[in-house]
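The values are calculated or read from the model by the stated rules, or taken from the named source; none is laboratory data. Because the structure is a prediction, the values reported are computed rather than measured. Neighbour counts are summed over all protein chains in view; Cβ atoms, including those assigned to glycine, are modelled from backbone coordinates with ideal geometry.
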Amino acid sequence: MDGKQAPQLDVEAAIRDYEARSISASMPRLAVAGALAIAGFVAVVLGNRAGWIPGGIITIFVLIAYLALIEVIASRNNDALEALRWRRFRAGGSLGLALGAAFGFAILNGSGKSPTALSVILAFLVLLPAAAGFAVGYLNLRLRDQGDKGKLAAKLRTAASAKPAHSARGRGSSGATTPSITDPVAKMSAGRAPNEVRPGDETVGFYWFDSRLISEIAAGSYGRFVYERMLPHLAPSRQSGSKPWCVLYDGDCMTSVDNLRWYFREQDRGILDGAAGIDENLCYVVAVLGAGIATPQALDSTLRLKHVPGYLGLSMPGAANQGRDALERCRMTMALSVAARIDGATFCRISYNFHSDDELKAMGFKNITQKQ
């Protein structure tokens, strides 16, 4: 418009930086969070010596102050990955404050201990919650860090791929977009209009899971747990039609469900309300777009009949949102990344790394490839 060009972000370089940054690189900053928590423990413990009501009020104020301070620090002078790590870690400090309050109420209130004994008890009360809080925060961070990197990479690529479409409109384009040949959806349905969805042909289903519940029972990656129960039903032995295919998207829901209601059916309101009740960020979602595979309703029924732990249900696009543009808007709002593509007996990894080639072959896929 004024002839100036905004500096371009090197998306792939930024993603490589995310992937190369280990958790240990954030430990010095997270130690600050630990120090803040220890200061909170001292305030809570000393406050509890004054009695139940004053101690309870002090505990609540210290907890609110701690959470607010971590949020301020996470939002200021941090890149996206560092900010997410701060927020993942703050759960540990919250647990430590709660433990400090519990110990304070149980032991110090009206204890009448001598100053020396009291000092020993105070040291114990401060160090034990601090250690427990750090351990929980670090575990939460480590379990979720790889998924966070994937979401951030997807958001960077989404932002970068959206720019050419806007510039095309500015030059008088009608607003229609043509899928790139590297797009896993466009590649498999070449020859069709970009937004053509034929009734009874392509289907789209979003499968919702409670990641917190699954993490508690799976002792590892909840993505691996979910795909172990879904992929066998998308494998060649369950496919039909001459050219079965599907694209898999996955990730934690990174937005409020209020930003998604426009896309899904009215009958899916219960699923969305349930996700909001759990906390959307704790909902892991796998979206499947494809043809010649198990229908969304059939796969939903199978997951329900098998009583898959943590499975919340299926949501599907409403009648007005059957096009590709609407699907892309929804999945990008949720920050779901493209995980894999299935063409008949071929499983093509895109960002998928939950299973080895041998494990995928054991599920029925004959060829395992990697998109470059």
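Quick notes on this structure:
- Residue in the stretch 125-142 that is in a helix (DSSP H, G or I), among the hydroxyl-bearing types (Ser, Thr, Tyr) and at pLDDT below 75 present: no
- Residue match in the stretch 297-306 (condition: loosely packed, with under 13 Cβ neighbours inside 10 Å, free of Cβ contacts under 8 Å to residues at least 40 places away in the same chain and in contact with a Phe, Trp or Tyr (Cβ under 8 Å, 6 or more places away or on another chain)): yes
- Considering the stretch 302-323, and only residues there that are under 11 Å from Val204 (Cα atoms) and more than 23 Å from the chain's Cα centre (by Cα), the residue that is modelled with the highest pLDDT turns out to be Gly318.
Every residue, every condition in (1) assigned to a strand (DSSP E or B); (2) assigned by TED's automatic domain parsing to the domain that holds Cys283; (3) at pLDDT below 90; (4) more than 17 Å from the chain's Cα centre (by Cα), yes or no:
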position	(1), (2), (3), (4)
Leu327	no, yes, no, yes
Cys348	yes, yes, no, yes
Tyr352	no, yes, no, no
Glu359	no, yes, no, yes
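- Taken together, the criteria exclude Ser256 from residues that are among the polar types (S, T, N, Q) and under 27 Å from Phe365 (Cα atoms).
- Counted residues, the stretch 317-334 - those being closer than 12 Å to Gly251 by Cα and crowded, with 19+ Cβ neighbours inside 10 Å: 3
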